[in-house]
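The values are calculated or read from the model by the stated rules, or taken from the named source; none is laboratory data. Since the model is a prediction, treat every value here as computed from it, not as a measurement. Counting neighbours? That spans all protein chains shown, and the Cβs are built from the backbone with ideal geometry, glycine included. The area values use the complete protein model at the heavy-atom level, side chains included, leaving out ligands, DNA and RNA. Shrake-Rupley method; radii C 1.70, N 1.55, O 1.52, S 1.80 Å.
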Amino acid sequence: MGIQEEILGVIKMGSTYIDNYEKNLIKNAIKEVALKMKELGADSDFIFECTGLKL
């Protein structure tokens, strides 16, 4: 394997790591929103409709 292939491999790994990190950030933010909605008295069906999460 040449240096070009190795560099491309590292870039792809980094890109995958960043994608996963961003997805986790978004999932956690949605969970926080759903919990806040519940805390504020929102109906479980409405929370599910808005966030896709069943609480």
Please work out the average accessible area per residue across the chain, using the 1.4 Å probe convention, and give it in Å². 88
Could you tell me, in Å, what Rg and Dmax come out for the Cα atoms of the range 1-42? 18.1, 59
Dipole magnitude of the chain, debye to nearest 20 (Cβ charges: Lys/Arg +1, Asp/Glu -1, about Cα centre): 140
If you roll a 1.4 Å probe over the chain with all protein chains in place, what percent of the accessible area is carbon or sulfur? 62
Can you compute the modelled spin-label distance between K12 and D43, with each label point 7 Å from Cα toward Cβ, in nm? 4.9
Among the aspartates and glutamates, select those whose C-alpha is under 19 Å from the C-alpha of K12, and discard any that sit fewer than 8 residues away in the same chain. E22
